[in-house]
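The values are calculated or read from the model by the stated rules, or taken from the named source; none is laboratory data. Predicted model, so just to flag it, every value in this text is computed and none were measured. No Cβ is skipped: glycine too gets one built from the backbone with ideal geometry, and neighbour counts run over all protein chains shown. Ligands, DNA and RNA are excluded from the accessible area calculation, which covers all protein heavy atoms including side chains. Shrake-Rupley method; radii C 1.70, N 1.55, O 1.52, S 1.80 Å.
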Amino acid sequence: MEPVLAALAPFVAGIPEDAIPGAVRDHAALTLADTVGAILGGSQEPEIGRLHASADRHPGPATILGAGFV
């Protein structure tokens, strides 16, 4: 993990939920749902199928969202 992320993650995780305005939490949830929806929707495109078919797979900690990615 990058040093900046290693320092930022515990700081963000330590912020109490009630310290974040409701509108900000709602917008973050909407943005996350939109992003996941776009990833899953785009995973069905022919271009992604061709990329998937030719991709080199290496074991590691990354998670890939979409059909057929195992």
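Are any residues in the stretch 13-69 among the acidic types (Asp, Glu) and either open to solvent by less than 60 Å² (accessible area, probe 1.4 Å) or within 18 Å of the chain's Cα centre (by Cα) (or both), and if so, which ones?
Residues satisfying the conditions are Asp26, Asp34.
For the condition part of a helix (DSSP H, G or I) and in contact (Cβ under 8 Å) with a residue 24 or more places away in the chain, what is the one hit in Leu40, Leu30, Leu5, Leu65?
Answer to the check: Leu40.
Read through the list (1) among the β-branched types (Val, Ile, Thr); (2) in a loop (DSSP other than H, G, I, E, B); (3) under 16 Å from Leu65 (Cα atoms), then give the number of the only condition that Ile15 fails.
So Ile15 meets the others, but not (3).
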